[in-house]
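Down below is the structure, laid out as structure tokens.
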Amino acid sequence: MSKSSTTKSTYQIPIVPIHPALKEPVFFEFELDGEKIVDVDVKLGHVHRAIEWASRKRNPVQILYLAERICGICSYCHPIAFSLAVESTADIQVPERAEYLRVIHGELERICSHILWAGVAAHEIGFDTVLYLTWQIREKALDLTEYLTGNRVTKAITMIGGVRRDITQDMIPKVQESLKYFKDNFEKLRGIFLDDKTFKMRSQNCGVLTKENALKLCAVGPTTRASGVKKDVRVDTSYFAYGDLDINYTTPDILTGEVNGDVYDRIIVRLLEVKQSIDLIEQCLDKMPAGPIVAEPKIAKLLAQLKKANGEGVGLHEAPRGEVIHYVKFDGVNEAPYTWKVRAPTYNNILPWIPMLKGQQIADIPIVAASTDPCMSCTNRVAVIKNGNRYELNKEELHRLSVEKTRRLML
Amino acid sequence: MKFSMLPKAFAQMFKKPWTNKFPAKYAPSNTTKFLENVQAGKAKIIPPVETPPGFRGKIQYDKEKCIGCQLCLKVCPSEAIEFKPEGKKIKIYLARCTFCSQCNDICPTNCLSMSNEFLLADSNLYSKDLIVE
């Protein structure tokens, strides 16, 4: 009698760029054993838009608005990181009031982004009632953004050396009224997200990222803080006015006393950060000194000053998703920067997907993928197309290109 | 609480919906025809949510004040402004405009300003409504 020839083997399914379960264009190739995920491969490069190339023929003031369009949700952190980089190159001192205003806008963006994420997370596990509730609160945050900056999404508030709009005395009551609304509703949201049975069932012990993996794979932002790694640009480098404010790392053990690094912990961290952001805005409104809001109000003069700038600068900012880095280099001859490089936080949060997804079920893919709050449009920078054919670069080739670029940049 | 969302969901049934149903309670199948009806007084339009002060809408251009210094061309991120050398005046293509109001900030004579008009959708990018001169 021969042995049965049917042996169980794994099979592969692609979950491709345009997929109803994923909000972002990213290519997943899963190797599955039944319902269980054995291996994952992630491919990027579906929304490359040549933004960095477009900057080569624009002056820094124009690039602010180009940077704003890297991502719709982070429409403040990209221009602000860019202007931080430019300010460090051209030695521009930002007035103190502007530093506080920058914190307010940054934290307001964090509230918008985290509440949006909470709604999406609820939607991913099929709890659409919560999606509508959270987005109702987000609507109020967007109204406040519109009131402070002029538009709901593309804020256009950043200017090199400060901000473009002040928060005057008569605007403060409206801001405080909105903050009170957030605080009142925050408790309700926390009750729903953290105590509801549906959420606990789907998010606890799901998509675990251990502290070792988070450190090894260089995860950033709430993803890494949920695994217990104390990493936050606002505390580590205390740029803007963060040095004067009461701020600390947000890790899930503040609330629960333990760190699991699962999706539930990531929900906790983001919700606590919303509370922290409300608190930071209140502190800023209290402590904000009077004074100018921009270093050089005459933009024509600022452009002339930037044209003379020679050197390179790096801008770091804690975006809602983690650390965003902008590198910029000016050659002192041209108005446009010699080079501009953006590293969005999602880039670091891609590799942690692999340990998170391994061992999970197919039905957990959307919530685990969404739990890092991926933003592919921010991340995608490199897709090489030559003669109409797309090709991938291997390690040696990439190394060679990297060496060449370093030589080129050294002038 | 086991199902903390239930009481809220029930309470919502007796509340007014949050959405402002602009332009009509039921989306018209033909918007152009609907607008014609509104102008003729046959239908009623539900107004949009009011814009806050400082909203950045359609650009307004005061041609008399303009001195043709071309500074706005220099800062426009989307190159939406064209210079007309014959009259030393500018022409703004709103189809390209990103509504950042950077040109308003740099203008030395304050001849540019932002209005609160935002209903600018048009199938023709060069239509009369989308060109400011």
### Query
If only Cα atoms are counted, what is the Rg of the range A:73-114, and what is its Dmax, in Å?
11.2, 33
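Calculate, for A:N205 and A:T237, the FRET efficiency according to 1/(1 + (r/R0)^6) with r their C-beta to C-beta distance and R0 35 Å; round to the nearest 0.05.
Numbers: r = 34 Å, r/R0 = 0.98.
Calculated value: 0.55.
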### Task
Could you give the size of the charge dipole of the range B:1-51 about its Cα centre, using +1 on the Cβ of each K and R and -1 on the Cβ of each D and E, expressed in debye and rounded to the nearest 20?
260
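Could you sort out which of A:K197/B:K8; A:K174/A:K231; A:K57/A:K329; A:K188/A:K230 sit more than 22 Å apart by Cα distance in this structure? Intermediate results must be reported in sequence, preceding the final value.
On the way: A:K197/B:K8 16 Å; A:K174/A:K231 33 Å; A:K57/A:K329 14 Å; A:K188/A:K230 28 Å.
In this structure, A:K174/A:K231; A:K188/A:K230 lie more than 22 Å apart at Cα.
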### Message
Below 13 angstrom from the Cβ of A:A300, what's the summed charge of the other residues (Lys, Arg +1; Asp, Glu -1)?
### Response
+1
## Note on the structure
Label model pair B:K33, B:E64: point-to-point distance (7 angstrom along the Cα→beta-carbon line) in nm is 4.5
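Report the local net charge at A:A54: Lys and Arg +1, Asp and Glu -1, summed over other residues whose C-beta lies under 12 Å from its C-beta.
In short, +3.
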### Query
So, counting K/R as plus one and D/E as minus one, what does the shell of residues with Cβ under 9 Å around A:G106 add up to?
0
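How far, in nm, would the chain grow between A:E29 and A:T10 when pulled straight, counting 0.36 nm per residue and subtracting the alpha carbon separation?
In short, 5.6 nm is gained.
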### Query
So how many Å³ per residue does the convex hull of the Cα atoms of the range A:122-280 work out to?
143
### Summary
Per the charge dipole of chain B (beta-carbon charges, Lys/Arg positive, Asp/Glu negative, Cα centre), the residue among B:A80, B:M13, B:P53 reaching farthest to the positive end is B:M13
### Message
Suppose each label sits 7 Å from its Cα in the direction of the beta carbon; what would the A:K188-A:T406 distance come out to in nanometres?
### Response
5.6
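Convert 25 °C to kelvin, take the viscosity as 0.890 mPa s, use the Kirkwood radius over C-alpha pairs of the range A:224-273 as Rh, and evaluate the Stokes-Einstein diffusion coefficient in µm²/s, rounded to a whole number.
Values: Rh = 11.3 Å.
Calculated translational D: 218 µm²/s.
Under a Cβ-only charge scheme (Lys and Arg +1, Asp and Glu -1), can you give me the dipole magnitude of the protein assembly as shown about the Cα centre, in debye to the nearest 20?
On the way: 74 positive and 64 negative charges, 249 e Å.
It comes to approximately 1200 debye.
Normalising by the residue count of chain A, find the relative contact order in percent from Cα pairs under 8 Å and 6+ residues apart. Don't jump to the answer; show the numbers that get you there.
Values: 708 pairs, mean separation 101.8, N = 411.
25 percent.
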### Query
Quick one: Debye curve from the C-alpha atoms of chain A, no solvent, what's log10 I(q)/I(0) at q = 0.09, 0.13, 0.15 Å⁻¹?
-0.58, -1.16, -1.46
### Query
Looking at chain B, what % of the alpha carbon pairs are farther apart than 20 Å?
61
### Message
I need the calculated FRET efficiency for the pair B:F83 and A:E282, taking r as the beta carbon distance and R₀ as 35 Å, to the nearest 0.05.
### Response
0.15
### Nearest-20 debye value, chain B charge dipole, Cβ charges on Lys, Arg, Asp, Glu
720
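Rule-based calculations on the coordinates, nothing more; no lab input. Only a predicted model underlies this, so the values are computations on that prediction, with no experimental measurement involved. A quick note on method: Cβ atoms are made from the backbone with ideal geometry, for glycine too, and the neighbour counts reach across all protein chains shown.
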